[in-house]
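For reference, the structure is listed below as structure tokens.
The values are calculated or read from the model by the stated rules, or taken from the named source; none is laboratory data. Because the structure is predicted, anything quoted here is derived from the model rather than measured. Cβ placement follows ideal geometry from the backbone for every residue including glycine, while neighbour counts extend to all protein chains displayed.
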């Protein structure tokens, strides 16, 4: 379709930098209007020229977020998922996730194996999400104030700060979900179906990081059926976009189909462990995902979508919210799944909020809320509290990412001390891989990743580290040569009596202690040395497999 001339002009026409857009400009509350003149909020967005992008405030918000995330990126240490990702070999897929995030982590770790370098993609995704938030506000008619508010609100949001600080599969979704929504909005508001191709491209590529984007697409489809515009169902561009998404996701689909759909098994395992907690937590967490001070803004976005006739074509976003919330409740996997839709609603809500900010007092109230939300979120999400004081605060309990980033080098040293103190104390152990000799089997991938990363400097050969957790089980068991040795070191909790069925004797030689008083999954976990193996590893290994 031919793009409207007034839209093109809106992209390039110069304006005074401080001139407020029409939708942001304060008006006298009793100003008379013509009785038949439609309100600004009722005029179709497509009939008005889009405001220029508020480059100054948006770039400033992006720069501030980038600086904050970069400055804190090396503090505390690796997250358990990062340690896991960096040790996975490149593959078309894994039992617990698509291939992209481990591929990125492994590539970066091969260049500079430090947390700050590994986290660059997460920082880029979080900063890009700030720009997308401003573009969403602009797309629905937001001027300079609305765009500025959208950018700073995105930069000050709680879980985006968490996911921007560490490299998780959810980190790239920070920008994937809002981009999918933005392009869908452009297809509808600009009456230009070609944007559906962009929706399909972003969603298809995003599936290589996290398959959850399929739920967003289903949600948009349900919203389209529920709210319209139904004419879009006849658009060849829409179905071409769907085809693009399927083609780009095809490697993931083929991997799932040829490996007995492991994602379903993984989802079932997560639900078994988390469902009861998730179904309770998800409701209050809806108020905390972006931060409590920003709740009125995204609620204003929901209300405006329902009330504004000019936005009726994008009410499918409400359908997406309902579908994602229902999926989260029924699936019971992770409570943060609605975050991506809330990011979009937050940006949209900045438009009516900016219109409401007509007085100095209202404006101050909103901006103080954004600042308080940012400060609170930063303290909870980022490693700002000194490490030696962290255990005396509730922060590790409030933010699991913080707890999972603590103590890994100390844990590895304790494994060496407990399982091979003589070898660890020798000069040879410090310089020769495999000084401990016996295979080391961990209860989870975080422990395995820590031993893989920090063990070689302490005499542990990374090839001697094994785990039955998720994808690591498929890497194989200790070699048959270890059967003759008949001994092994076990790190972490195993089922009571489990090891006794395979070894003549097992002795707890120590326990993991981060020394900071932080109660994470590893704290207090035993280090056990077993001898006299009764069954070969080829027979024992299937018993170690577990998903969670």
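State all residues of region 512-530 that are surrounded by fewer than 17 Cβ atoms within 10 Å (Cβ to Cβ) and touching a helix residue (DSSP H, G or I) at 6+ places or on another chain (Cβ under 9 Å); if no residue qualifies, say none.
Hits for region 512-530 are 513, 515, 517, 519.
Specify the residue that is farthest from residue 402 (Cα to Cα); the eligible residues are those in region 357-366 that are in contact (Cβ under 8 Å) with a residue 40 or more places away in the chain and surrounded by 14 or more Cβ atoms within 10 Å (Cβ to Cβ).
The qualifying residue farthest from residue 402 (Cα to Cα) is 358.
Answer yes if at least one residue in region 254-270 is touching a residue at least 40 places away in the same chain (Cβ under 8 Å) and closer than 30 Å to residue 365 by Cβ, and no otherwise.
Scanning region 254-270 turns up no residue that is touching a residue at least 40 places away in the same chain (Cβ under 8 Å) and closer than 30 Å to residue 365 by Cβ.
Going through 319, 340 one at a time, which residue ends up being surrounded by fewer than 21 Cβ atoms within 10 Å (Cβ to Cβ), under 30 Å from residue 266 (Cβ atoms) and out of contact with any strand residue (DSSP E or B) (no Cβ under 6 Å at 6 or more places or on another chain)?
Of the residues listed, the single one that is surrounded by fewer than 21 Cβ atoms within 10 Å (Cβ to Cβ), under 30 Å from residue 266 (Cβ atoms) and out of contact with any strand residue (DSSP E or B) (no Cβ under 6 Å at 6 or more places or on another chain) is 319.
All but one of (1) assigned to a helix (DSSP H, G or I); (2) surrounded by fewer than 21 Cβ atoms within 10 Å (Cβ to Cβ) hold for residue 193; state the number of the condition that does not hold.
Among (1) assigned to a helix (DSSP H, G or I); (2) surrounded by fewer than 21 Cβ atoms within 10 Å (Cβ to Cβ), residue 193 violates only (1).
Which residues, counting only those in region 296-314, are touching a residue at least 60 places away in the same chain (Cβ under 8 Å) and either buried (at least 20 other Cβ atoms within 10 Å of the Cβ) or within 18 Å of the chain's Cα centre (by Cα) (or both)?
297, 304, 308, 310, 311, 313, 314
From 201, 240, 245, which residue is surrounded by 22 or more Cβ atoms within 10 Å (Cβ to Cβ), modelled with pLDDT of 95 or more and over 30 Å from residue 68 (Cβ atoms)?
245
For region 287-406, list the helices (runs of 4 or more DSSP H) that sit wholly inside it and hold at least 1 residues that are within 30 Å of residue 222 (Cα to Cα) and at pLDDT 95 or above; which are they?
Helices (runs of 4 or more DSSP H) meeting the threshold: 295-307, 316-331, 339-356.
Could you grab me the full set of residues in region 415-434 that are touching a helix residue (DSSP H, G or I) at 6+ places or on another chain (Cβ under 7 Å) and either buried (at least 22 other Cβ atoms within 10 Å of the Cβ) or at pLDDT 95 or above (or both)?
Result: 415, 416.
Any residue in region 90-113 that's not assigned by TED's automatic domain parsing to the domain that holds residue 259: show its pairings with residues that are modelled with pLDDT under 95 at Cβ separation under 8 Å, as long as the two are six or more apart or on different chains.
none
For residue 412, indicate whether it is modelled with pLDDT of 95 or more and not assigned by TED's automatic domain parsing to the domain that holds residue 292.
Yes.
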